[in-house]
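A.B. asks: Here it is, the structure, as C-alpha cells.
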Amino acid sequence: MTNGDRTRYIEIDVRSALNRVDSYRLPGLKWSLNPYRGCRHGCVYCYARYTHTFLELDPDADFTGTVFVKRNLVQALREDLRRPGWRREHVSIGTATDPYQPIEGRYRLTRGALEVLYEQLTPASLVTKNTMAVRDAEIMAALAQRAGFRLIMSITTLDEALARRLEPDVPGPQQRLAAVRALAQAGVPVAVAVAPILPGLNDDVAGLKAVIEAAYDHGADIAFHQVLRLYDATRPTFFRYLETERPDLLPLYRRTYGAGREAAPSYREAIAARIAALERRWRPRQSEKRLAETTAGQLAFEW
C-alpha cells in the first residue's frame, strides 16, 4: 500500500510484540514495543535509521519511504503478556519508531497495544512527536491509574522554522504543546523530552529555557534530555542537512563528534549542567504555581 507522499507500507506478522532491551546506556529499560518499523516523519537526526540496515534497506530514503506495519501486533502482545513467566514489567513504546505516525490513524495498533496493557495490568511509557496521541487520552489515563503510564512528548525546539527543517513531517512545537496540555487535563501523566540537543542549532540557553518553561506551563515536567547520537546510518542524512542548511556548522560537528557517534564528553557534560541549572530554576516555580492553582480549584487533574 502507498499513500500520496509515496510512502510504501508493508504488512508483516511478528512472533512477539515485545523486544528485550539489553543496553548499559538504558539500565532501567527491559522491554520495548514498536508497532511499526520505519517512520514517515523524516527527522534528519533520527538515530533509529539503523534498524532498516538489518533488512538491507537504505537507512536514508527507505527508512521514511518503506514502513513495515506489524499487523498482528495486538494479538502477539496479548500472548506475550499472558505467558506464565511474565512479571508485568515496564514496557517502553516507541523506542525505534513513532507509534503515532500517520498510518496509526488507519491501523490503530498503538491504541490496541494500550488496551492490552490495561487488560493485563502492565505499566508502560510512550514516546512520540505526534499530536494524534490525544485521541487515546482516555485509555492512557485509565492505564496510568490501573498499572502506571507516562506519555513523553519529544520537543526539539520552539523555533517553528527550525523544527520544520529538522522534522519535516511532524506537527509543529506549538501543536505538540497544545497536545501536552490536553493530555494533562485529561489526567494523563505527561512529560517533555528535550531531545535531541544539536550543537549550534538548539543548544543555546535561551532556546533550552523556552522549551523547559513551556513544558511546565503546559502541564508537563521534563522526562530527560538527550544530546544527538550520530549513528553510522544517521550521519549521511544529517550531514547532508548541514551541508544544505548550515554549512558553517560542519567544522563544529567534526570537532565535537570526530568519527564517533557520541559528542565529546566535555560537550555532554556542559549540556547536562545547563539543563540542570534551568531545571533548578523552573521546577520550584512551576510546582508552587500548580499547588496554588489546585488549591483554588482551577485544575481538574492531579499532579
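Here, each number is a calculation from the coordinates, and none is a lab measurement. Keep in mind that this is a model prediction, so the values were computed, not measured. Heads up, the Cβs are rebuilt from the backbone with ideal geometry, glycines too, and the neighbour counts pull from every protein chain shown.
A.B. asks: Ranking Arg78, Arg83 by Cβ neighbours within 10 Å, fewest first, what do you get? Could you put the intermediate results ahead of the total?
C.D. replies: Values: Arg78 17, Arg83 8.
Result, fewest neighbours first: Arg83, Arg78.
A.B. asks: Quick check: the distance between the Cα centres of the stretch 261-284 and the stretch 81-123, to the nearest angstrom?
C.D. replies: The two parts, judged by their Cα centres, are 31 Å apart.
A.B. asks: Please compute the length gained on full extension between Arg8 and Arg106, using 0.36 nm multiplied by the number of residues separating them and subtracting their Cα-Cα distance.
C.D. replies: Extra length from Arg8 to Arg106 when fully extended: 33.9 nm.
A.B. asks: Would any residue of the stretch 245-262 have its amide N under 12 Å from a label point 7 Å out along Cα→Cβ of Arg165? List them or say none.
C.D. replies: 245-250
A.B. asks: Between Phe224 and Arg281, 0.36 nm times their residue separation minus their Cα-Cα distance comes to what? Provide the component values of the computation, followed by the final result.
C.D. replies: Details: separation 57, 0.36 × 57 = 20.52 nm, distance 1.61 nm.
In short, 18.9 nm is gained.
A.B. asks: Let me ask something additional. If you only keep lysine pairs separated by 8 or more in sequence, or across chains, how many in the stretch 8-295 come under 23 Å at the Cα atoms?
C.D. replies: Eligible lysine pairs with Cα atoms under 23 Å apart amount to 5.
A.B. asks: Can I ask one more? Would you mind computing, in nm to one decimal, how far apart the modelled labels at Arg71 and Phe239 are, each placed 7 Å from Cα along Cα→Cβ?
C.D. replies: Result: 4.0 nm between the two label points.
A.B. asks: List the relative contact order of the chain as a percent without decimals, with contacts defined as Cα pairs under 8 Å and 6+ residues apart.
C.D. replies: Details: 523 pairs, mean separation 47.5, N = 303.
Averaging sequence separation for qualifying contacts and normalising by length gives 16 percent for the chain.
A.B. asks: Let me ask you something else. Can you sort Arg20, Arg268, Arg240, Arg150 by how many other beta carbons sit within 10 Å, fewest first? Could the numbers behind the result be given before it?
C.D. replies: Working: Arg20 9, Arg268 15, Arg240 12, Arg150 20.
By the 10 Å Cβ count, ascending: Arg20, Arg240, Arg268, Arg150.
A.B. asks: Same structure again: What does the extension gain come out to for Glu138 and Arg255, with contour length at 0.36 nm per residue minus their alpha carbon separation?
C.D. replies: 37.4 nm
A.B. asks: Taking the chain as a Gaussian network, Cα atoms linked when under 10 Å apart, which of Asn202, Asn72, Asn19 shows the biggest mean-square fluctuation?
C.D. replies: Asn19
A.B. asks: May I pose another question? Where does each of Arg164, Arg274 land when they are ranked from fewest to most other beta-carbon atoms within 10 angstrom? Please report the intermediate quantities before stating the final value.
C.D. replies: Details: Arg164 13, Arg274 17.
Ranking Arg164, Arg274 by Cβ neighbours within 10 Å, fewest first, gives Arg164, Arg274.
A.B. asks: Would you calculate, for the chain, the mean residue ellipticity at 222 nm contributed by helices, counting each DSSP H stretch of 4 or more residues as -39,500 (n - 2.57) and dividing by all residues, to the nearest 500? Don't jump to the answer; show the numbers that get you there.
C.D. replies: On the way: 11 runs with 122 residues, N = 303.
Value at 222 nm, helices only: -12000 deg cm²/dmol.
A.B. asks: Just how many % of Cα pairs in the chain lie over 25 Å apart, if you round to the nearest whole percent? Working shown, then result.
C.D. replies: Details: 23072 of 45753 pairs.
It works out to 50 percent of all Cα pairs.
A.B. asks: Given the stretch 8-295, what percent of its DSSP beta bridges are antiparallel, to the nearest 5? Could the numbers behind the result be given before it?
C.D. replies: Values: 5 of 30 bridges.
Of all bridge pairs located within the stretch 8-295, approximately 15 percent are antiparallel.
A.B. asks: To continue, here is another question. Using a 10 angstrom cutoff on alpha carbons, build the Gaussian network for the chain and name the most mobile of Asp248, Asp98, Asp58.
C.D. replies: Looking only at Asp248, Asp98, Asp58, the biggest GNM fluctuation is shown by Asp248.
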